[in-house]
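The values are calculated or read from the model by the stated rules, or taken from the named source; none is laboratory data. For clarity, every value in this text was computed on a predicted model and none was experimentally measured. Because the Cβ atoms are built from the backbone with ideal geometry, glycine has one as well, and the counts that use them run over all protein chains shown. In case anyone asks, the SASA skips ligands and DNA or RNA and just uses the protein heavy atoms, side chains included. Shrake-Rupley method; radii C 1.70, N 1.55, O 1.52, S 1.80 Å.
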Amino acid sequence: MNVRIEPSWKNALQSEFDKDYFARLTDFVRNEYKTKLTFPPSALIFNAFEQCPFDKVKVVIIGQDPYHGDGQAHGLCFSVADGVAFPPSLLNIFKEIERDLGIAKPTSGNLIRWAQQGVLLLNATLTVQAHAAGSHQGRGWETFTDAAIHKLASEKEGLVFMLWGSYAQKKGDFIDTNKHLVLKSVHPSPLSAYRGFIGNNHFSLANKYMKEKGLEEVQW
């Protein structure tokens, strides 16, 4: 199967591409794009990997589904393309960065600038039917993204994992906290942000850890 994905990730995850579940997933996704409006644009399904190669990863942020509104999703969790209004969770992320680090809210919600500094912005499910949240869950994406997280956690040391909300925390509950910094809080959703996301200091804690490891801090 010719999977177009960034070369270092293709090498790291080759065994997944050869499994039966991935063949079934591919057939399902191809059919969805042929028959229904599906997000993100097909060329951006693996954008998180494309923008943040395996050997460059310093921070992992785990989301759940791509945005399902028109023009929002572009393959990076929580991120939206230039010119798209900030979804509520992303707005709360920027509020916490401003509170934590004094960095004013940016004019664009495009987080590609983070990805290019080594922040893997990984959704658990990489595709979604338009206006149908969760529509591609349980089809195999979760197995694939679990494999990516396991590969990072087992083969690297000194990563920062930001696990926001119970879903992300469950997905990362195996990560060895002796090898990596695991930061947990509630989700930045408006339903929970003021019950522990705002004030979690994750961005300054991540940078402090990276500095201690001799790594360049992320310009959030």
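Please calculate the 1.4 Å probe accessible area of His187, with all protein chains present, and give it to the nearest 10 Å².
So the heavy atoms of His187 present about 60 Å² to solvent.
Can you list which of the trypsin sites (Lys or Arg not before Pro) found in the range 79-125 are DSSP loop residues with at most 10 other C-beta atoms within 10 Å?
none
Using a 10 angstrom Cβ neighbour count of at most 16 plus a DSSP loop assignment to flag exposed GluC sites (Glu not before Pro), which longest range of the chain is free of such sites?
The longest such stretch corresponds to 1-156.
With only Lys, Arg, Asp and Glu charged, each at its Cβ (+1 for the first two, -1 for the last two), find how big the charge dipole of the range 1-50 is about the Cα centre; round to the nearest 20 debye.
My answer is approximately 180 debye.
Tell me which residues come under 5 Å, amide H to amide H, from Asn123 once H is placed; ignore anything under 5 positions away on its chain.
Amide H neighbours of Asn123: Gly63, Cys77.
Say the dipole of the range 41-112 comes from +1 at the beta carbon of Lys and Arg and -1 at that of Asp and Glu; which of Phe49, Gln64, Ser108 then lies farthest toward its positive end?
About the Cα centre, the residue reaching furthest to the positive side is Ser108.
Kindly report the accessible area of the chain per residue (heavy atoms of protein chains, probe 1.4 Å, no ligands, DNA or RNA), in Å².
47 Å²
For the chain, just run the numbers: alpha carbon Rg, then divide by 2.2 N^0.38 Å, N being how many residues it has.
0.97
Please report the relative contact order for the range 1-54, taking Cα pairs under 8 Å with a sequence separation of at least 6, and give it as a percent rounded to a whole number.
58 percent
Taking 7 Å along the Cα-to-C-beta vector as the label spot, tell me the Tyr21-Arg113 distance in nanometres, rounded to one decimal.
About 3.7 nm, to one decimal.
Just to check I understand the Karplus step: with θ = phi - 60° and J = 6.51 cos²θ - 1.76 cosθ + 1.60, what whole-Hz values come out for the range 194-203, glycine and proline as x?
Karplus-based 3J(HN,Hα) across the range 194-203 equals 8, 10, x, 7, 5, x, 7, 6, 4, 6 Hz.
Please list, in chain and number order, the residues 5+ apart from Val182 or on another chain whose amide H is under 5 Å from its amide H, with Hs placed from the backbone.
So Val182 has HN proximity to Phe161.
Among the listed pairs Lys34/Lys171; Lys10/Lys211; Lys151/Lys171; Lys58/Lys95; Lys10/Lys213, which have their C-alpha atoms separated by more than 24 angstrom in this model?
Pairs exceeding the cut-off: Lys34/Lys171; Lys10/Lys211; Lys10/Lys213.
Go ahead and estimate [θ] at 222 nm for the chain from helices alone: -39,500 (n - 2.57) per DSSP H run with n ≥ 4, summed, over the residue count, rounded to 500.
-10500 deg cm²/dmol, from helical runs alone.
Rank these by accessible area, largest first, 1.4 Å probe: Leu120, Leu37, Leu91.
Putting Leu120, Leu37, Leu91 in descending order of accessible area: Leu37, Leu91, Leu120.
So, with a 1.4 angstrom probe, what is the percent of accessible area on the chain that is carbon and sulfur?
The nonpolar share, carbon plus sulfur, comes to 49 percent.
Can you find, among His74, Gly214, Asn200, the residue sitting farthest towards the positive end of the charge dipole of the chain, where Lys and Arg contribute +1 and Asp and Glu -1 at Cβ?
The one lying farthest along the dipole's positive direction is Asn200.
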